[in-house]
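No lab work stands behind these numbers, since they all come straight from the coordinates. This is a predicted model, so every value here is computed, not measured. Because the Cβ atoms are built from the backbone with ideal geometry, glycine has one as well, and the counts that use them run over all protein chains shown.
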C-alpha cells in the first residue's frame, strides 16, 4: 500500500512538472514570437515606405516635365525614353537624383543580396537596386505599375532585362524577398502589399506592363 501511494505521488508530481513546463513554454513563445517577427514586419513596412518615396519622386519629376515620367521623355531633354530597352533600370532612377535625395531608398531593407550605391552617378547600377521600373505608365493611368519589388515574375523569361506582364500571365512573387510577397507602386503613387493569392487582382486593369528589371 505504501509503495502504491508513493507511485501515485510521483506520477502526480510528474504531471505537475509537465504542466509547469508547458506553461513556461507558452509564456516564452508569447514573449519571443513578437520580437522575432518584428524585424520582418519592420523590413516590409520600410520597403513600402521606400516605394512611397519613389512614387513621390516620380510624380514630382513629372510635374516639372509636362506630366510625363522619365520613361516617356527623351534623353535629349533629361528623360530616359531611349533607355527603355536593355538592362537600364538604374538609369530611370538616376535622372531623379534631386527628387530622391539618397540612393538608399532604392534598396529594400530585406534584400540582403543588394547594397545601396554611394551616389547616383558613378556608383549606381542594377546590382544596387531592389525595385523594377514600369516603362509605360503615365500620370493619368493610375492602375499601371510604376515600380515594385524585384522578385516579381511570370511564366515567361524576361527579354534583355525587360519583363513583359500580360493580363493572362501567371504572375507571382518568388521567394527572394518578403517570403513570396511583395510591394507594388502604381502610377498614382499608391503602394500595395500583395501576396501571391492577391496578385492577380492587382492586374484587373487589363493592361500589359513592361518592366525594366534590375
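In table form, for the structure just shown:
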| item | result |
| --- | --- |
| Residue 56-residue 156 pseudo-label distance in nm [points 7 Å out on the Cα-to-Cβ vector] | 3.6 nm |
| Dimensionless Rg over Rh [the stretch 63-157; C-alpha; Kirkwood] | 0.95 |
| Between the stretch 77-105 and the stretch 154-200, the alpha-carbon center distance in angstrom | 21 Å |
| Extension reserve of the residue 74-residue 164 stretch, reckoned as 0.36 nm per residue once the Cα distance is removed | 30.2 nm |
| Burial ranking of peptide ranges 111-120, 174-183 (average Cβ count within 10 Å, highest at the top) | 174-183, 111-120 |
| Linear extension gain, residue 175 paired with residue 142, 0.36 nm per residue minus alpha-carbon span | 9.1 nm |
| Tail weight of P(r) past 17 Å, computed on alpha-carbon pairs of the stretch 118-188, percent | 52 percent |
